[in-house]
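Enquirer: What follows is a structure written as structure tokens; I'll ask about it next.
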Amino acid sequence: MDRKSLMDALDWQIAQGADEAIGDEPQNHLHAKPAPKSAAPKTAAAPAAKSPAAAATSPVTTALANAAGTLDELREAIAGFDGLDVKLTATKMVFADGNPQARVMIVGEAPGSDEDRQGKPFVGVSGRLLDRMLAAINLDRSQVYITNVLNWRPPGNRKPTPAEVALSLPFLQRHIELVDPKLILLTGDSAAKAVTGSREGITRLRGHWQEIHLGNGKTYRVLPTFHPSFLLRSPGQKREAWRDFLSFADEVKRLG
């Protein structure tokens with residue numbers, strides 16, 4: 001074919017909408033394609049999933065946390081750290097509530113909308129349930145110290161991400177060291193995984209006492225249980241949570 005005929009054919013194809021080339025060489029798609037040669041399947045081990053506690057903690061937050069010699073200094077270090085994006089969308093930092101001299105510490109996951117407005121942990125609907133559960137084992141906020149893994153409310157009350165937990169974990173560990181409790185109740189999946197370093201979910205972890213070792217050389221006894229907000233959504237699990245609280249109450253009694 002001459003040049004003019006080729007150009008006319010090309011113009012016709014463009015007019016029909018065929019304006020892209022899908023290969024360098026023309027292909028006759030009416031002919032059957034040969035079957036591809038079989039190849040031995042490649043097998044590769046899937047990378048192990050990292051729990052929040054297994055993620056590398058930030059050297060920046062570790063240095064800031066270790067430099068804090070008091071709870072006030074730790075509060076200032078957390079408030080001054082700008083590496084968490086959730087800080088940009090939160091209203092207030094939620095540091096802690098209760099008695100810093102208490103021998104019982106409770107760790108939650110992250111603030112919700114009520115906590116974000118008031119600047120205290122567990123003050124919303126789930127907080128009222130926690131108060132009732134504590135009262136059932138003869139405890140109140142004057143006898144416990146309460147904080148969260150994350151000190152800023154995530155948008156939409158979502159769970160903390162592994163990256164957020166990794167950044168906040170040095171602050172939480174230092175928080176535990178400064179309060180130096182005898183017993184720690186971990187409420188929810190994020191808190192249980194962060195503090196214990198386990199990959200197991202809260203359903204498997206709850207009700208089982210564990211010991212953790214922190215940088216101050218001390219050992220702390222911790223008990224994971226369901227988060228009160230989960231119990232509000234799944235009231236059928238309250239019986240299991242009550243068993244956990246009875247176990248926790250027995251250990252509190254042993255403390256005198």
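Every number in this text was worked out from the coordinates using simple rules, so none of it is lab data. Here the structure is a predicted model, which is why all the values come from computation and not from measurement. Methodologically, a virtual Cβ is constructed for each residue, glycine included, from the backbone with ideal geometry; neighbour enumeration extends over all protein chains shown.
Enquirer: How far apart, in nm, are the 7 Å Cα→Cβ label points at residue 136 and residue 158?
Expert: For the pair residue 136/residue 158, the computed spacing is 3.2 nm.
Enquirer: Can you flag which of 159/253; 92/238; 87/238; 182/238; 193/253 are past 28 Å Cα-Cα? All intermediate terms of the calculation are to be shown ahead of the outcome.
Expert: On the way: 159/253 33 Å; 92/238 31 Å; 87/238 33 Å; 182/238 25 Å; 193/253 26 Å.
Long pairs (Cα-Cα over 28 Å): 159/253; 92/238; 87/238.
Enquirer: Now a separate question. Which values of log₁₀ I(q)/I(0), to two decimal places, follow from the Debye formula for the range 77-142 at q = 0.19, 0.20, 0.25, 0.26 Å⁻¹ with a uniform point scatterer at every Cα?
Expert: Normalising to I(0) and taking log10 leaves -0.80, -0.86, -1.16, -1.22.
Enquirer: Also, I was wondering about something else. Whole angstrom only: what separates the Cα centroid of the range 101-177 from the Cα centroid of the range 187-256?
Expert: 13
Enquirer: Just for the range 146-229, what percent of DSSP beta bridges are antiparallel, to the closest 5?
Expert: Numbers: 4 of 9 bridges.
Of all bridge pairs located within the range 146-229, approximately 45 percent are antiparallel.
Enquirer: Starting from the Kirkwood Rh over alpha-carbon pairs, what translational D in µm² s⁻¹ does the range 52-255 have by Stokes-Einstein at 37 °C and 0.692 mPa s? Provide the component values of the computation, followed by the final result.
Expert: Values: Rh = 16.7 Å.
Approximately 196 µm²/s, per Stokes-Einstein.
Enquirer: Give me the one-decimal nm value for the distance between modelled label points at residue 60 and residue 214, 7 Å along each residue's Cα-to-Cβ direction.
Expert: Result: 2.3 nm between the two label points.
Enquirer: Any idea what the relative contact order of the range 52-255 is, in percent, if you count C-alpha pairs under 8 Å spaced at least 6 apart? Don't jump to the answer; show the numbers that get you there.
Expert: Numbers: 372 pairs, mean separation 51.5, N = 204.
Dividing the mean separation by the residue count of the range 52-255 yields 25 percent.
Enquirer: Fully extended, how many nm does the chain gain between residue 221 and residue 85 (0.36 nm per residue separation, minus their Cα-Cα distance)?
Expert: Numbers: separation 136, 0.36 × 136 = 48.96 nm, distance 3.19 nm.
Result for the pair: 45.8 nm of gain on full extension.
Enquirer: What does the C-alpha gyration tensor say about the overall shape of the range 176-256? Classify as rounded when a/c is under 1.5, otherwise prolate if a/b is larger than b/c, or oblate. Please report the intermediate quantities before stating the final value.
Expert: Numbers: a/c = 2.29, a/b = 1.41, b/c = 1.62.
It comes out oblate by the Cα gyration axes.
Enquirer: Nearest 5 percent is fine: what portion of the DSSP beta bridges confined to the range 52-255 is antiparallel?
Expert: Numbers: 6 of 19 bridges.
Of all bridge pairs located within the range 52-255, approximately 30 percent are antiparallel.
Enquirer: I would also like to ask the following. State to the nearest 20 debye the size of the charge dipole of the range 52-255 about its Cα centre, where the only charges are +1 on K and R beta carbons and -1 on D and E beta carbons. Intermediate values should be presented prior to the final figure.
Expert: Values: 26 positive and 22 negative charges, 124 e Å.
Magnitude of the dipole: close to 600 debye.
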